[in-house]
Each structure stands twice: as structure tokens, then as C-alpha cells.
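What follows is a single structure, written as C-alpha cells, with notes after it.
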Amino acid sequence: MADEEAGMVEGVSPAQSPLVQVSFQRNDNRKQKYLEAEPKFLGVTQIGLSAYQILSVSVFLAKDLSQISTDIPFFISSLLVVIAGSVAVAAQNLHLPTLRACLGMQIVACVASVFNMITTLIKMEMQYFYCWHYSYDNSTIHIGEICHMIDNTQSHFYAEGVVIQVTLLAISVTLASYCCKVANCCAPAPKVPVITVQAPPVQQ
């Protein structure tokens, strides 16, 4: 009798534990996708380009080649981009609150880059020097040539500034998209299917 009951239990066991079991689990390695964006390289690039813009505009302002009314907001926006780059580098530890802070700062950096781009285009259209062409005095002609040289230098500098702001905007959008995928702010974390194959019981 005991042998028959044992045989019945063995017959029911494979039905209760199937050979293939499918379950859905969260992907613990999902945060590693943020590292695919090369956040250290992009963050340092953000910091370097923004620092270059701040120093260059400071030189123009010190030489009275710019206006402080437009430069102060430009400085503030550039500092925000520097902070965003620093947070992007710090988010390499894949700590979830840091990743969310990185997402927020990159969105702010996008707005700041667009603002700086518009400000740079406005500065490009503004003329701080007036060149005279009506006098035949040699000294006036010499001053006029210097004036044109400074004006051309400013135009090239501001055109370069627009290219830099477009680059900073692209970097901010890239980092923000990767942070959004990892930080689960836009949607809950997707679950990946996990297939478990169990070995059939060995019959003796």
C-alpha cells in the first residue's frame, strides 16, 4: 500500500512543477544603460564649453565690447549648464535620486542653451561700434579699419557661440533622454520575461 501511495505522489509531482516556467521580473541591470551615454565625457564637455563661453564673454565685457544687461543672464544660464554637467558626471554612481536630479538639471540645461543661443543671435545683430567713412583724414581712416576688424571679430565669435550652444543643447537632450529611460520618471520600469527550465525528476 505504501509503495502504491508513493507511486501516486511521484505521478502528481511533475504536473505541479512544470518543466518550463515563465515569470516577469524587473531588470536590475537597467541602470547600466545610463553609462552607454558616456556621461563623464559629455558632462566634462558641457563644463568645458560653458566655462569657455563665460571667460570669453567676460573678456568682451571687460573691454567694453558687450553690454552687462545681456551678459548677466548669459552668465547665469551658462552656470546652470556647468552645474548640469557636474551632476551628469556625479550620476555615474547610478544612484536613483542622483539620476533624477541629472534629468531635472539636463532639462534646465536645454532651456538655458536655447536662451543663450537666442541671446548670442541678438548680440550678433547689435553693433557696438560705428565706423566712419566720410572723412579723408588718415587717422580717421585708420580708426575705421580697426573698427571693422573688431566688428568682424565679434561676428565670428558670436557665430562660434551659436555653434557651441547648439552643441550644448544636443548634449543636454542626449543625457536627458538616457536619464529618463533609467530613472523611471516617464513610465514604470518594464519587466523582462525570465524563462526557468527545470530538470525532470530522475526515475529510479
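The values are calculated or read from the model by the stated rules, or taken from the named source; none is laboratory data. These figures come from a predicted structure and were not determined experimentally. Positions of Cβ are backbone-derived with ideal geometry, glycine not excepted, and every protein chain shown enters the neighbour counts.
Take segment 86-111 and flag every residue that is of a type in the set (Gly, Ala, Ser) and free of Cβ contacts under 8 Å to residues at least 60 places away in the same chain.
Ser86, Ala90, Ala101, Gly104, listed by residue number.
Would you pick out the residues in segment 44-58 that are exposed (fewer than 15 other Cβ atoms within 10 Å of the Cβ), hydroxyl-bearing (Ser, Thr, Tyr) and over 15 Å from Lys123 (Cα atoms)?
Result: Tyr52, single match.
Yes or no, residue by residue, for (1) crowded, with 17+ Cβ neighbours inside 10 Å; (2) in contact with a strand residue (DSSP E or B) (Cβ under 6 Å, 6 or more places away or on another chain); (3) at pLDDT below 90:
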{"residue": "Phe60", "(1), (2), (3)": "yes, no, yes"}
{"residue": "Lys63", "(1), (2), (3)": "no, no, yes"}
{"residue": "Met105", "(1), (2), (3)": "yes, no, no"}
{"residue": "Cys110", "(1), (2), (3)": "yes, no, no"}
{"residue": "Met124", "(1), (2), (3)": "no, no, yes"}
{"residue": "Gln127", "(1), (2), (3)": "no, no, yes"}
{"residue": "Cys147", "(1), (2), (3)": "no, no, yes"}
{"residue": "Val166", "(1), (2), (3)": "no, no, no"}
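Working carefully through the options Ile141, Ile47, find the one that is modelled with pLDDT of 90 or more and part of a helix (DSSP H, G or I).
Selected residue: Ile47, the only one of Ile141, Ile47 that is modelled with pLDDT of 90 or more and part of a helix (DSSP H, G or I).
May I ask you to verify whether Val202 is at pLDDT below 75, in contact with a strand residue (DSSP E or B) (Cβ under 7 Å, 6 or more places away or on another chain) and over 30 Å from Asn93 (Cα atoms)?
Judged against the criteria, Val202 is not a match.
Go through (1) closer than 30 Å to Thr153 by Cα; (2) at pLDDT 80 or above for Lys40 and report which single condition fails.
Against the list (1) closer than 30 Å to Thr153 by Cα; (2) at pLDDT 80 or above, Lys40 comes up short only on (1).
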